[in-house]
Amino acid sequence: MTGKAQAAGAAAMPVRTAAWSWWADLIASAGAFSVLIVVALWVRGGGVQDLRGWAAGLTSLGRLTGLVAADLLLIQVLLMARVPWIERTYGQDRLARWHRVVGFVSFDLLLAHIVLITIGYAATDGASVTSEAWTLVTTYPGVLLAVGGTAALTMVVLTSLRASRRRLRYETWHLLHLYAYLGVGLVLPHQLWTGADFTGSRAATAYWWTAYIACAGAVVAFRLGLPAWRTLRYRLTVAAVVPEAPGVHSIYMRGRHLDQLPARAGQFFQWRFLSGPGWSRGHPYSLSAVPRDDTLRITVRSRGEGSEKVSEFQPGTRVLIEGPYGRLTAARRTAPRVSMIASGIGITPLRTLLEELPYAPGEATLLYRARSAEDLVFRQELERLSADRGLRVEYLLGPRGRKDSWLPAGFGDDARALLNLVPDIAQHDVFVCGPDEWMQSVVRAARQAGVPPERIHLERFTW
């Protein structure tokens, strides 16, 4: 591409509009409105009047907490159903954070529902709490299933605590987390069969059946159907595995109709390689090269059990895909100048953006952090971009200077060092990728250097 063509491309740079914000507000409002509908249905069913009595009041609060918990469980499922327009609006990292918060709140309300209903029923029947609990489990339709569902959800919640996640591999955590679908599926039916708030009015029945069918349909369509269709359509297989750096390999894959795959530079897929035991565990890897008509490339650093097998993949190994996902794309760009700040294998999505984005010589800067020159990935490709397109590259090598710093030793203050490296960075879009704590340090330094928050773009892949 000539300098003239680059300048023209930069002039034609896509500019974000307020449309995505309007759509985001609409989706968030719909979620909040669903909770209001549930509360309104409880009020219409006499929930407030029942609060005047002790036993009836406990039972009424138990109904309310159960209804809100059920609604939040469905919202939680919808957040991670990979609905394309929701995922494109918020990004997987934000959806994952909301999923986590909504999940803990819904679980707490579920526990409150169990306690309040049991005590309320016991007070009404003049029975002990333990005998009433036994009666509920053994005689009420669907309650035994709900106990099993609650046990599954409890396991998911416990393994989602930070202390537990530190001790689990991603692959193990991801597999255990799938039990949330089983838990939701077992918990909800008893409300349809025995809950007066579900069956007491046509409006309530219509609302809950619509909500259940919509959520189940989203999971079937976008977590199962769409990935299966794309896997069958594009028929990806491993073409070659190439070492890039110590413990780092690139996987080249070939397929058909890849020119029609709706993937952009900066996005990632969930990959499953049919290479033997463990193939069912999905691995989130970003594209490390702009998609070609017949080739895709990802680059993986060996860390867990799944990634350590990458170097052993044989040509012809079939690949299952789920995606593309992610908002770290050219669509986020708002300014003519860009700075990319990467650490380690975080270079992969930024390298693809540097290949795809339009920019004139001198308009793009890459700050690449690594422990040593041997750990640099794509060095030859980056230097080719520097020679051909005028990309400015700065390698920041060496052990970290301070625990809360994104720089190697010897740079001093983070924000001042960033301004020395990129004096006009306040006028740049800043794309960041690397370990989560490291990215937080970069964001802090960029904000102190004057970069507006809406010009800082990153996605967190922590789980």
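For the chain, list the DSSP H helices whose alpha carbon atoms reach 30 Å or more along the long axis and whose average Kyte-Doolittle value is 0.0 or above?
Those that clear 30 Å and a mean of 0.0 are 19-44, 54-79, 92-125.
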Percent relative contact order for the chain, counting Cα pairs under 8 Å at least six residues apart, stands at 14 percent
Report the Stokes-Einstein translational diffusion coefficient (µm² s⁻¹, integer) for the stretch 198-309, Rh taken as the Kirkwood radius over Cα pairs, at 20 °C with viscosity 1.002 mPa s. 130 µm²/s
Which whole-percent values make up P(r) of the stretch 242-401 when all C-alpha to C-alpha distances are grouped in 10 Å steps starting at zero? 10, 38, 35, 15, 2
Taking the convex hull of the Cα atoms, report for the stretch 15-121 its projected area averaged over all directions, in nm². 7.5 nm²
Mind listing P(r) for the chain? All alpha-carbon pairs, 10 Å bins, whole percents. 4, 18, 25, 22, 15, 10, 5, 1, 0
Suppose all protein chains stay in the model; what accessible area per residue would a 1.4 Å probe give for the chain, in Å²? 47 Å²
With the convex hull built on the alpha-carbon atoms of the stretch 93-250, volume per residue in Å³ sits at 168 Å³
Calculate how large, on average over all directions, the projected area of the Cα convex hull of the stretch 333-463 is; give the answer in nm² to one decimal. 7.5 nm²
Given 10 Å bins starting at zero, what is the percent of C-alpha pairs of the stretch 60-123 in each, up to the one with the largest pair distance? 24, 39, 22, 12, 3
Would you compute the Debye intensity of the stretch 298-376 from its alpha-carbon atoms alone, equal scatterers and no solvent, and pass along log10 I(q)/I(0) at q = 0.11, 0.20 Å⁻¹ to two decimals? -0.42, -1.06
Trypsin sites (Lys or Arg not before Pro) within the stretch 385-459: DSSP coil, no more than 14 neighbouring Cβ in 10 Å: Arg402, Lys403
Sites matching GluC sites (Glu not before Pro) across the stretch 271-359 that sit in DSSP coil, with at most 14 neighbouring C-beta atoms within 10 Å: none
Probe radius 1.4 Å, ligands and nucleic acids ignored: give me the carbon and sulfur share of the accessible area of the chain as a rounded percent. 61 percent
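The values are calculated or read from the model by the stated rules, or taken from the named source; none is laboratory data. Small disclaimer: the values here were computed from a predicted structure and weren't measured. Positions of Cβ are generated from backbone atoms using ideal geometry, with glycine treated the same way; all protein chains shown enter the neighbour counts. Surface areas here come from the heavy atoms of the whole protein model, side chains and all, with no ligands, DNA or RNA. Shrake-Rupley method; radii C 1.70, N 1.55, O 1.52, S 1.80 Å.
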